[in-house]
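Only one structure is covered here, and it is reproduced in the block below.
The values are calculated or read from the model by the stated rules, or taken from the named source; none is laboratory data. Predicted model only: the values in this text are computed from it and were never measured. No Cβ is skipped: glycine too gets one built from the backbone with ideal geometry, and neighbour counts run over all protein chains shown. Surface areas here come from the heavy atoms of the whole protein model, side chains and all, with no ligands, DNA or RNA. Shrake-Rupley method; radii C 1.70, N 1.55, O 1.52, S 1.80 Å.
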Amino acid sequence: LRWTPQPPRANVTVASQLTVHPDSADWVSVLRFEVAGGPLEVIHLKLPTTWSTAAQIQIAGQECPFTTETRDASTFWTITPDRPIWGAQRLVLRSRTPITPGREVVFPEVVPLGRGVVDASLALVFATATLPATSGSAGLREISYASRFQDEEFGAAVDLPARAYHVDREGWTLAVQPPEDFGTVSPDAAAR
């Protein structure tokens, strides 16, 4: 008689925010893991290659070692925390990429891999003088920004125009079309 134990199950809440500046975009994603059924020794994430190059990851405020494997437009990270994760754990992912005025910026998606359920929310924050056009697909439902983006990592977005969405199903897309000429937000524009 042989018995193979089931791997642990990690339910993950993901809050991803993309802040659009005139010449760059900042991406911050906070992932909250709830692990049940044993210790989670390794975290597997999938993210867009264009964002993974400059990305950094922190667990409990500390940098974490990880290995990468790139396939097509996706990069797969294998993260090994100092200690296996039991119960709750918070992980913060950051990246920045330059943007070209008039060229579409696609919202990056981070996908936790393995057993469990993912509950994801997205936010677009505009640190620009004019609001760029956005487009999205089915699978996204607009929600209140304040309802999901309370974490201290999102504090820099205070008083800037923002839109937030809940991911209702896989296969979604969200993109920002920066105009050819958009400047930084002036204090007067932010107040308006």
Once phi for every residue in the stretch 42-50 is put through the Karplus expression 6.51 cos²θ - 1.76 cosθ + 1.60 (θ = phi - 60°), the whole-Hz ³J(HN,Hα) values, with Gly and Pro written as x, are 9, 10, 10, 10, 10, 8, x, 4, 4
Would you mind counting up the charge near Pro65? Only other residues with Cβ under 14 Å from its Cβ, with Lys and Arg at +1 and Asp and Glu at -1. -2
Taking only the alpha-carbon positions of the stretch 91-136 and ignoring solvent, what does the Debye formula give for the base-10 log of I(q)/I(0) at q = 0.15, 0.28 Å⁻¹? -0.58, -1.43
Hey, can you grab everything whose amide H is under 5 Å from the amide H of Leu140? Only 5+ residues off in sequence or another chain; H modelled, so Pro and N-termini drop out. Asp168
What translational diffusion coefficient, in µm²/s and rounded to a whole number, does the Stokes-Einstein relation yield for the stretch 125-181 at 25 °C and a viscosity of 0.890 mPa s, taking the hydrodynamic radius as the Kirkwood radius over Cα pairs? 192 µm²/s
Which label marks the calculated value of Rg and Dmax of the Cα atoms in Å, given the options (i) 17.8, 73; (ii) 30.4, 127; (iii) 18.5, 59? (i)
What number, rounded to the nearest 500 deg cm²/dmol, is the helix-based mean residue ellipticity at 222 nm of the chain, given -39500 (n - 2.57) per DSSP H run of at least four residues and division by all its residues? -1000 deg cm²/dmol
Ala25 long-range amide H proximity, modeled H, under 5 Å: Thr97, Ile99
What's the ranking of 55-64, 38-47 by average number of surrounding C-beta atoms within 10 Å, highest first? 38-47, 55-64
Sequence ranges 16-25, 73-82, ranked by mean other-Cβ count within 10 angstrom, highest first: 16-25, 73-82
Can you list residues from other chains, or at least 5 along the same chain, whose modelled amide H is less than 5 Å from the amide H of Gly116? Ala10
If you plug each phi of the stretch 64-77 into the Karplus form 6.51 cos²θ - 1.76 cosθ + 1.60 with θ = phi - 60°, what whole-Hz ³J(HN,Hα) values come out, in order, with x for Gly and Pro? 10, x, 8, 10, 10, 9, 9, 10, 6, 8, 10, 10, 10, 9
Per-residue accessible area, 1.4 Å probe, largest first, puts Arg32, Arg96, Arg90 in the order Arg96, Arg32, Arg90
Counting only C-alpha contacts under 8 Å and six or more residues apart, can you give the relative contact order of the stretch 1-140 as a whole percent? 37 percent
Heavy-atom SASA rank of Phe149, Phe66 (probe 1.4 Å, accessible area, largest first): Phe66, Phe149
Considering only Phe76, Tyr165, Gln58, whose Cα is most displaced toward the positive end of the charge dipole of the chain, charges sitting on Cβ of Lys, Arg (+1) and Asp, Glu (-1)? Phe76
If you count the DSSP beta bridges with both ends in the chain, what percent of them are antiparallel, to the nearest 5? 85 percent
